[in-house]
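*Asks:* Sending over a structure as structure tokens; questions will come in a sec.
The values are calculated or read from the model by the stated rules, or taken from the named source; none is laboratory data. Everything numeric here is computed off the predicted structure, so don't read it as measured data. Note that each Cβ is placed from the backbone with ideal geometry, even for glycine, and that neighbours are counted across all protein chains shown.
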Amino acid sequence: MKKLPPSDFARLREKTRLVLAGRDPADSYGFVNPPIMRGSTVIYPSTEDFLARKARYTYGTQGNPTIDALLAALNTIEGGAGVVVCSSGLMACTLPVLATLSAGDHMLVTDSVYRPMRNFCDRMLPRLGITVDYYDPAIGGDIGALFKPNTRAIWTEAPGSQTFEMQDIPAIAAAARARDILVMMDNTWATPLFFDSHKAGVDISVQAGTKYYAGHSDVLIGTVSARTPELYKRLKEAWDLLGIIIAPEDAFLTLRGIRTMQIRLKEQMPAGLEMARWLEQRPEVARVLHPALPSDPGHALWKRDFTGASSLFAIELEPVSMKAVGAMLDGLSLFGMGASWGGYESLALPFDCRPYRTATVPSFRGPTIRLHIGLEDLEDLKADLDAGFARLRASA
């Protein structure tokens, strides 16, 4: 099997690129997958080589062949100028902020942001002299009215964490570009397969690779892609200075997950939509929060900008006690209660984002539950939820 040159690789279709990206059997003794290369110390053949750092790898913190294979694959998927990898999705969110902002700068952050990222903005950035204001995710191009002379970045997420509001990313990017403001985005929900964030004007694209990249709920990893070489240089410098590194085993497992990511997403997308439509008909459900549903307020933006949807969404129940919600969820046998998602298993958890929203007030009348639809048989999942709704009614 010969190695394809970059010019040939770029013309291949998505599924083929996902299978081939980051692979070079000739560099791995003929084995299909890049091997796991563990190590910290690199031995140099001479004093001259050591002083000049004449080696492909200089030390374990600077990467190794397994991690480089993952970076090559990720850059193929993201389509930017370069990617760095971190040990968690949260670190992938915080790294670009630390890499590009300084004391005295101001950042705008969507009110629907991933809550751990919000905690970082509220509790860490003030200590660094960086101020943050939260904005309504529906603001679109009107975000320009919130710009200050020292605004340097905008943090976006579409759809938003937990509440799934869509954002007009191209409009926000256009407003930011006119003022030379960076646009950063958590694109984990759609992945680059369903939303090309760089093409839409996003400068820094973040993935919690723990979710769909790895895909098997056994890895913690985050990725950050820079749109331009200049931004990648700043990102990579911060990555080096902070000593960020991932385990080669995690790189290997993420590479393995990437090979089947499109197949998993294309299986889970219709399952998620069918489940969302089924839940829309349930008398216990007040509304379903899923931008790929025509009934969703963000559907027009999703349809215009996205090519697909993941299987993560939320429901608002009709007013009922949390005791009844507990009876429903605690008796589920196929839905686990876990904070992550993106793996092969289905998950359900209750949430209430109202206490920590500051720019918007979600109009929920009843309790809210986030659902992730995995790869189980959909009829089995419906039966599990149906039994859960029966327990909810009995406990109401």
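*Asks:* Does Ile263 satisfy the condition of being of a type outside the set (Gly, Ala, Ser), under 30 Å from Ala72 (Cβ atoms) and buried (at least 21 other Cβ atoms within 10 Å of the Cβ)?
*Replies:* no
*Asks:* Any idea how many residues of the stretch 102-130 are basic (Lys, Arg) and crowded, with 20+ Cβ neighbours inside 10 Å? Reasoning before the result, please.
*Replies:* The first filter runs over the stretch 102-130 and keeps only residues basic (Lys, Arg), leaving 115, 118, 123, 127.
Next, only the ones that are crowded, with 20+ Cβ neighbours inside 10 Å stay: 118.
Number of matching residues: 1.
*Asks:* I've got another one for you. Test Phe120 against the criterion of being in the same structural domain as Asn187 (by TED's automatic domain parsing), in contact with a helix residue (DSSP H, G or I) (Cβ under 7 Å, 6 or more places away or on another chain) and aromatic (Phe, Trp, Tyr), and give yes or no.
*Replies:* yes
*Asks:* Residue by residue through the stretch 355-379, note down the ones that are free of Cβ contacts under 8 Å to residues at least 60 places away in the same chain and loosely packed, with under 13 Cβ neighbours inside 10 Å.
*Replies:* Pro355, Val361, Ser363, Asp377, Glu379
*Asks:* Starting from the stretch 130-150, keep only residues that are in the same structural domain as Asp168 (by TED's automatic domain parsing), then list their pairs with residues that are part of a loop (DSSP other than H, G, I, E, B) and among the basic types (Lys, Arg) whose Cβ atoms are within a distance under 9 Å, requiring at least 6 positions of separation or different chains.
*Replies:* Matching pairs, first to second residue: Thr131/Lys148; Asp133/Lys148; Tyr134/Arg357; Gly144/Arg179; Phe147/Arg179.
*Asks:* Considering (1) closer than 20 Å to Lys233 by Cα; (2) assigned to a helix (DSSP H, G or I), say which one Thr58 fails and leave the rest.
*Replies:* (2)
*Asks:* Would you confirm, using the coordinates I've provided, whether Ile221 is within 12 Å of the chain's Cα centre (by Cα), assigned by TED's automatic domain parsing to the domain that holds Glu249 and of a type outside the set (Gly, Ala, Ser)?
*Replies:* yes
*Asks:* On the basis of being under 21 Å from Ala314 (Cβ atoms) and modelled with pLDDT under 95, does Ser112 make the cut? Steps first, please.
*Replies:* Details: under 21 Å from Ala314 (Cβ atoms): yes; modelled with pLDDT under 95: no.
Spelling it out, it is not the case that Ser112 is under 21 Å from Ala314 (Cβ atoms) and modelled with pLDDT under 95.
*Asks:* Quick one: what pairs do we get from the stretch 294-321, first residue in contact (Cβ under 8 Å) with a residue 40 or more places away in the chain, second among the basic types (Lys, Arg) and crowded, with 17+ Cβ neighbours inside 10 Å, C-beta under 8 Å, 6+ apart or different chains?
*Replies:* Once the first residue is in contact (Cβ under 8 Å) with a residue 40 or more places away in the chain and sits in the stretch 294-321, its partners that are among the basic types (Lys, Arg) and crowded, with 17+ Cβ neighbours inside 10 Å give Leu312/Arg370; Phe313/Arg370; Ala314/Arg370; Ile315/Arg287; Glu316/Arg287.
*Asks:* Turning to a different aspect of this structure: Among the residues of the stretch 100-147, write down those that are part of a loop (DSSP other than H, G, I, E, B) and among the aliphatic types (A, V, I, L, M). If you could, list the steps in order and put the result at the bottom.
*Replies:* Of the residues in the stretch 100-147, the ones part of a loop (DSSP other than H, G, I, E, B) are 101-105, 111-114, 124, 129-130, 136-139, 147.
Of everything in the stretch 100-147, those that are part of a loop (DSSP other than H, G, I, E, B) and among the aliphatic types (A, V, I, L, M) turn out to be Leu101, Ala103, Val113, Met124, Ile130, Ala138, Ile139.
*Asks:* If I filter the stretch 266-290 down to residues being touching a strand residue (DSSP E or B) at 6+ places or on another chain (Cβ under 6 Å) and outside any loop (DSSP other than H, G, I, E, B), which single residue comes out as surrounded by the fewest Cβ atoms within 10 Å (Cβ to Cβ)?
*Replies:* Glu280
*Asks:* Determine whether Asp133 is at pLDDT 95 or above, buried (at least 18 other Cβ atoms within 10 Å of the Cβ) and among the charged types (D, E, K, R). Full working, then the answer.
*Replies:* Numbers: at pLDDT 95 or above: yes; buried (at least 18 other Cβ atoms within 10 Å of the Cβ): no; among the charged types (D, E, K, R): yes.
The answer is no for Asp133.
*Asks:* Going through Ile169, Ile77 one at a time, which residue ends up being within 14 Å of the chain's Cα centre (by Cα) and β-branched (Val, Ile, Thr)?
*Replies:* Ile77
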